[in-house]
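Colleague: This structure is in structure tokens; I'll ask about it shortly.
The values are calculated or read from the model by the stated rules, or taken from the named source; none is laboratory data. The structure displayed is predicted, hence computed values, not measured ones. Cβ coordinates were reconstructed from backbone atoms using ideal geometry, including for glycine residues, and neighbour counts include every protein chain displayed.
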Amino acid sequence: MEQPGTEITVEYEDSIDFYLDTLIAQRATDPQNDLISHMTHATIAGQSLEHEHVRGTCGLLIIAGVDTTWSAIGASLWHMAQHPTDRRRWIEDPDVRPFAVEEFLRFYAPVTMARIVAEDAEFAGRAMQANDWVLLPFPAANRDPEAFEDAGTFVIDRRRNRHVAFGLGIHRCLGSNLARMELTVALEEWMARIPDFELADPEGVRWSTGQIRGPRELPVRILNGT
């Protein structure tokens, strides 16, 4: 396992860039009925999309559809491992599950946004330089006491829950309903097979950092011989 602060070098031939570059080149000469082929041959105002645009879009779709969902699933299981009452409620009251999924998304929203500072600026007494990366923790709105009753508490059957885990407006996540389905199915299948479990090593839980937050390592202990 890599140690904190260790820089990992990946050869180009082993990288996702190499995989996507190869696939995009193939679709350029042999188009299929898929998104990469469409982007490779599409034009906007008479101009073809640049290769970096196509590759970047593919990379974004892969990351957005994988990192975010495993993070939400992992955080939900992390919660369940520590709250037997919520586990029992999930198992014994199937009607509560849609509300529970929304509360997991509100309380453990896995995604925040990073942006590059356009010009030197100061905010809240902190100096920021042009081209610095900053995180914009918009999911903090999910803990706004003016928007949510008892905002700092996980309420498994919360009815009023207009969270912003998927963003808002024109930038709302296109895959939000797919993500909900994945989270629901994962929890239903896990809880049907392993209804009782706990953290085997609370100190051994390791969380990812940056724009996506979720447990990378989640050691659990199965209880009652299930």
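Colleague: If ALA72 satisfies all but one of (1) under 14 Å from ILE24 (Cβ atoms); (2) buried (at least 20 other Cβ atoms within 10 Å of the Cβ); (3) among the hydrophobic types (A, V, I, L, M, F, W, C), what's the number of the condition it fails?
Modeller: Against the list (1) under 14 Å from ILE24 (Cβ atoms); (2) buried (at least 20 other Cβ atoms within 10 Å of the Cβ); (3) among the hydrophobic types (A, V, I, L, M, F, W, C), ALA72 comes up short only on (1).
Colleague: Residue check, ASP196 against (1) surrounded by 14 or more Cβ atoms within 10 Å (Cβ to Cβ); (2) under 13 Å from SER71 (Cα atoms); (3) at pLDDT 90 or above, all met but one. Which one?
Modeller: (2)
Colleague: Go through (1) surrounded by fewer than 12 Cβ atoms within 10 Å (Cβ to Cβ); (2) more than 15 Å from the chain's Cα centre (by Cα); (3) in contact (Cβ under 8 Å) with a residue 12 or more places away in the chain one by one and return the number of the condition GLY210 breaks.
Modeller: So GLY210 meets the others, but not (2).
Colleague: Can you run down the residue pairs with Cβ atoms below 9 Å, 6 or more apart or on separate chains, where the first is in the stretch 157-169 and free of Cβ contacts under 8 Å to residues at least 24 places away in the same chain and the partner is in a loop (DSSP other than H, G, I, E, B)?
Modeller: ARG160/PHE148; ARG160/GLU149; ARG162/ALA147; ARG162/PHE148
Colleague: Oh, and also: Within the stretch 16-74, how many residues are over 30 Å from PHE107 (Cβ atoms) and either assigned to a loop (DSSP other than H, G, I, E, B) or in contact (Cβ under 8 Å) with a residue 60 or more places away in the chain (or both)?
Modeller: Here the count works out to 10.
Colleague: Within the stretch 15-33, restricting attention to residues that are of a type outside the set (A, V, I, L, M, F, W, C) and closer than 17 Å to HIS53 by Cα, which residue is surrounded by the most Cβ atoms within 10 Å (Cβ to Cβ)?
Modeller: ARG27
Colleague: In addition: I need the full set of residues from the stretch 109-149 which are among the small types (Gly, Ala, Ser) and surrounded by 11 or more Cβ atoms within 10 Å (Cβ to Cβ), in order please.
Modeller: ALA109, ALA121, ALA140, ALA141, ALA147 - these are the residues of the stretch 109-149 that are among the small types (Gly, Ala, Ser) and surrounded by 11 or more Cβ atoms within 10 Å (Cβ to Cβ).
Colleague: Now for a separate question. Is it the case that the stretch 166-176 has a residue that's modelled with pLDDT under 95, farther than 17 Å from ILE73 by Cβ and of a type in the set (Lys, Arg)?
Modeller: For the stretch 166-176, residues modelled with pLDDT under 95, farther than 17 Å from ILE73 by Cβ and of a type in the set (Lys, Arg): present.
Colleague: Here's another thing I want to ask about it. From (1) over 25 Å from ARG221 (Cβ atoms); (2) within 18 Å of the chain's Cα centre (by Cα); (3) surrounded by 15 or more Cβ atoms within 10 Å (Cβ to Cβ), pick out the condition that doesn't hold for PHE99.
Modeller: (2) is the only condition that PHE99 fails.
Colleague: Please verify whether MET80 is in contact (Cβ under 8 Å) with a residue 24 or more places away in the chain and more than 16 Å from LEU187 (Cα to Cα), treating the condition exactly as stated.
Modeller: Judged against the criteria, MET80 is not a match.
Colleague: Applying the selection to the stretch 150-189, what residues are surrounded by fewer than 17 Cβ atoms within 10 Å (Cβ to Cβ) and of a type in the set (Phe, Trp, Tyr)?
Modeller: PHE154
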